[in-house]
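Asker: Supplied in structure tokens, the structure appears directly below.
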Amino acid sequence: MPVAISVDPPDVSEKLRQKRGYTFTFLSDPKAEVIRRYDLLHPRGGPEEHDISRPAEFLVDPSGTVRWENFTEDIRVRARAEQLLAAVKALQ
Amino acid sequence: MRMTEAVQKRTNWALWLGLLFTLLGVLGNWLTFRRLSSDLFTWFIVACAALGLILSLFGAVRAFRFPEVYGGKVWGSLGTVLSLVVLAGSIMIFVLARSVPRSAGAPQVGQRLPEFTLPDSTGKPVSLSQLLAGAPGGPPPKGVLVVFYRGYW
């Protein structure tokens, strides 16, 4: 069950969610408060020098403990599906 | 009177190959922004652009040294400049795409994710605990994947 978080306001996320047909939850962190707390801030990394999040994924178990994570060093590279699926399987 | 042999004109294959690799570099760069990218691929396209430049340069030098045999002084010069621009652009893109902050203080494997409450795309506040507990009345999920992304623009 994924949840996607960015600095985009709710209406922008909703537009993206509908456009791609995603059913999972999108959360908004426009002031990047949670992003900062998680040390994921990419200062001025967005258009018009907006502060945004760097890409990162955390797989957590029901207790909220991180079991797998991925911080890509190149913004164009996404976590490979096999890595992710293996981590999800390990949770079962 | 000197008898000059008829010199066979040869195709300047290096120029063509150079152009091909340069174009592959351009295509590759475009693809990386269309979500078709692995780490290896991002290195590969810079290598393509570099190879394109080397071959174009080789072809251009040949055209200037042996103009009776190899055509391509004009195209060779233009091709070399183009390859140089593409390589410079590829390197710039590569460096920019990797200028990501270190995030040394981010939650590590084995740590608990700090609690948060944020509005969802309808404006309703949602907390991490709620996500971990799952939909009310149903079984809790075996795990939650929290994805931070750059945003949609």
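The values are calculated or read from the model by the stated rules, or taken from the named source; none is laboratory data. Keep in mind the model is a prediction, meaning the values are calculated, not measured. Neighbour counts are summed over all protein chains in view; Cβ atoms, including those assigned to glycine, are modelled from backbone coordinates with ideal geometry.
Asker: What residue, among those in the stretch A:1-28 that are surrounded by fewer than 21 Cβ atoms within 10 Å (Cβ to Cβ) and touching a Leu at 6+ places or on another chain (Cβ under 6 Å), is farthest from B:ASP120 (Cα to Cα)?
Answerer: Only one residue tops the list, namely A:PRO2.
Asker: Further question: Exactly one of these conditions fails for A:LYS31: (1) out of contact with any Leu (no Cβ under 9 Å at 6 or more places or on another chain); (2) within 7 Å of chain B (Cβ to nearest Cβ). Give me its number.
Answerer: (2)
Asker: Out of A:ALA81, A:ALA87, which single residue is buried (at least 16 other Cβ atoms within 10 Å of the Cβ), of a type in the set (Gly, Ala, Ser) and more than 7 Å from every other protein chain (Cβ to nearest Cβ)?
Answerer: Values: A:ALA81 fails: buried (at least 16 other Cβ atoms within 10 Å of the Cβ).
Being buried (at least 16 other Cβ atoms within 10 Å of the Cβ), of a type in the set (Gly, Ala, Ser) and more than 7 Å from every other protein chain (Cβ to nearest Cβ) holds for just one of A:ALA81, A:ALA87, which is A:ALA87.
Asker: If you don't mind, another one. Under 6 Å between Cβ atoms, at least 6 apart or on separate chains: pull out the pairs that start in the stretch A:2-19 with a residue that is farther than 19 Å from A:GLU48 by Cα and end on any residue that is surrounded by fewer than 17 Cβ atoms within 10 Å (Cβ to Cβ).
Answerer: Final answer for the pair search is A:PRO2/A:PHE24; A:PRO10/B:GLY123; A:LEU16/B:TYR152.
Asker: Next up: Search the stretch B:116-130 for residues that are within 10 Å of A:THR25 (Cα to Cα) and facing chain A (nearest Cβ under 7 Å) and pair each with any residue that is among the β-branched types (Val, Ile, Thr) and surrounded by 13 or more Cβ atoms within 10 Å (Cβ to Cβ) when their beta-carbon atoms are under 7 Å apart and the residues are at least 6 apart or on different chains.
Answerer: From residues that are within 10 Å of A:THR25 (Cα to Cα) and facing chain A (nearest Cβ under 7 Å), the pairs are B:ASP120/A:THR25; B:ASP120/B:VAL126; B:VAL126/A:THR25.
Asker: Do you know which of the residues in the stretch B:89-108 that are surrounded by 13 or more Cβ atoms within 10 Å (Cβ to Cβ) and at the interface with chain A (Cβ under 7 Å from one of its Cβ atoms) is farthest from the chain's Cα centre (by Cα)?
Answerer: Filtering first and then ranking leaves B:PRO107.
Asker: If you don't mind, another one. Suppose we filter the stretch B:71-88 for residues that are at pLDDT 95 or above, of a type in the set (Gly, Ala, Ser) and surrounded by fewer than 18 Cβ atoms within 10 Å (Cβ to Cβ); how many remain?
Answerer: Adding up the residues that qualify gives 1.
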